[in-house]
Amino acid sequence: MSRTLLAGLAGIAILAACSDIVSPVRNARYDWRLIVAYDSAGPRLDTLSFHWPRNSVPVKLWVEDASDLKARAREGIALWKDAFLYGEWDARLVDDSTSADVIIRLLQPPPLPAGAIRMAASVEPCFGATDVDTGATRFEIVLPVRSYVFPSLPNDPGLEDCMRHVTSHEIGHTMGLFQHSPDSLDLMYGVPAVDFLSERDVGTAENAYHFTPDMVPVRP
Amino acid sequence: MRISSCCLLSLALLAPAALPAQVRYSASLGVLGGTPLAHDQLFQEIEVQQDLAPTVTLGVSFPVSKREFLGLEAALGFGGVTTVEPGYPDVEGPSFTTLSLTGSVDGPVIGPLRYRVGAGLLKYLPEEAGIFAEGGPLLLVLTAGTDVRLVTRGSFTLMARIRYDYQRFTTDQLQFSGFSRTQDVHRLGFGLGVDYSRP
């Protein structure tokens, strides 16, 4: 029977010839970084990256309990969570807005606060916006990040789909995808019309979460 | 999987009739650890390391000669991974569950020591998200190890087990995400178990 043992070990040795998994090249992406004007004396721009630190995950989202917005937010979280292989980003809904990292309201976006940058998605019959305040220095993100989703045509038959697209799109902004995609097939296109992530959306999210961030979240 | 089921059925029906010696049933609990499951490259190297996985194993074996037994083992493992990336803290998760079915031959080496070699199939079951989100394909797993009989009381024997296994790892989600080829994964496990011998 020692022959059986040797045969088994030999089989293992043959099959154990070196083999390593090969990762894909993730160059299907668009630029996600925030472009910040940082010197009022002249037109000087900085391109900055942000992603939530690993110790902030899952990100705490407070979502206004109105017009199925919470359900839409859960769908958006699930959608984006699936973009990641290693749990780089996740979010959960919280009841207390005071401790939230992100606040999503069913509200027409108010006037932009001084120093904040707005990313707006305009789609009929609803629209959305996310405001990012880069704080006293451009290397901070002041918490909470605020997003707005608003039905502009409340009785439109396409409102539910629109709310789904726009809520997921705004969650994408809150993750750190601070630019719009130039491709209409991406969820992060400026006029989102899909409720799934394209290969470019996934590639961009993955790149953003492994690119060294320039900004850190701060709570005033 | 159909082949494995057929083997199990054949063993159950034929082996006891063919040899009236002892049929052994075993149950063991152990931990398995191993080499990294995957490597990725996104601006820097990412390594997916596997954590120690508690594993429950149930087995049955039948004598095929005066010294050797032919056995079948089903094992359920509960593990997790840690993602290691330069410049970032290590991140735990996602978790995974494995189910394996292996056939093996075991026989005496010396004293209370027995060898075991085998092969079987292993599957990573679907999880909520991450690289195990869609589970994995059926992977061939090769095993080798030793069992040490520690104490015998009547029909029961306390066993210490050392197991090595080899697989070529991938998951459906990794393949869907564009990963190609497979990763050599070597695992080593230790466990304690009880054998029950039925005359």
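Of note:
- In the range A:45-104, the residue that is surrounded by the fewest Cβ atoms within 10 Å (Cβ to Cβ) out of those that are over 17 Å from A:Ala208 (Cβ atoms) and β-branched (Val, Ile, Thr) is A:Thr98.
- All conditions but one from (1) under 17 Å from A:Leu187 (Cβ atoms); (2) surrounded by fewer than 18 Cβ atoms within 10 Å (Cβ to Cβ) apply to A:Gly128; the one that does not is (2).
- The set of residues in the range A:72-106 being touching a Ser or Thr at 6+ places or on another chain (Cβ under 9 Å) and away from every other protein chain (no Cβ under 14 Å) consists of A:Arg72, A:Ala73, A:Glu75, A:Gly76, A:Asp101, A:Val102, A:Ile103, A:Ile104, A:Arg105, A:Leu106.
- Strands (runs of 3 or more DSSP E) wholly inside the range B:90-199 containing at least 1 residues that are within 11 Å of chain A (Cβ to nearest Cβ) and acidic (Asp, Glu): B:91-110, B:156-169, B:183-198
- Sole residue being in contact (Cβ under 8 Å) with a residue 60 or more places away in the chain, under 28 Å from B:Gln22 (Cβ atoms) and loosely packed, with under 15 Cβ neighbours inside 10 Å, chosen from B:Arg153, B:Arg161, B:Arg198: B:Arg198
- Exclusive hit being at negative phi, buried (at least 20 other Cβ atoms within 10 Å of the Cβ) and acidic (Asp, Glu), set B:Asp184, B:Asp90, B:Asp106, B:Asp172: B:Asp106
- Complete set of residues in the range A:87-119 that are touching a residue at least 60 places away in the same chain (Cβ under 8 Å) and assigned to a strand (DSSP E or B): A:Ala91, A:Val102, A:Ile104, A:Ile117, A:Met119
- Long-range neighbours under 8 Å by Cβ, at least six apart or interchain, first residue under 24 Å from B:Leu37 (Cβ atoms) within the range A:74-86, second β-branched (Val, Ile, Thr) and part of a helix (DSSP H, G or I): A:Trp80/A:Ile171; A:Ala83/A:Val202; A:Leu85/B:Ile131; A:Tyr86/B:Ile131
- Residue match in the range B:56-64 (condition: farther than 20 Å from B:Arg198 by Cα and within 11 Å of chain A (Cβ to nearest Cβ)): no
- Scanning the range A:200-210 turns up one or more residues that are closer than 14 Å to A:Lys81 by Cα, acidic (Asp, Glu) and at pLDDT 95 or above.
- Some residue of the range A:133-145 being touching a His at 6+ places or on another chain (Cβ under 6 Å) and within 16 Å of A:Leu48 (Cβ to Cβ): no
- Residue identified as in contact with a Gly (Cβ under 8 Å, 6 or more places away or on another chain) and among the small types (Gly, Ala, Ser) among A:Ser122, A:Ser152: A:Ser122
- Number of the exception - B:Ser65 against (1) crowded, with 18+ Cβ neighbours inside 10 Å; (2) out of contact with any strand residue (DSSP E or B) (no Cβ under 6 Å at 6 or more places or on another chain): (1)
The values are calculated or read from the model by the stated rules, or taken from the named source; none is laboratory data. For clarity, every value in this text was computed on a predicted model and none was experimentally measured. Heads up, the Cβs are rebuilt from the backbone with ideal geometry, glycines too, and the neighbour counts pull from every protein chain shown.
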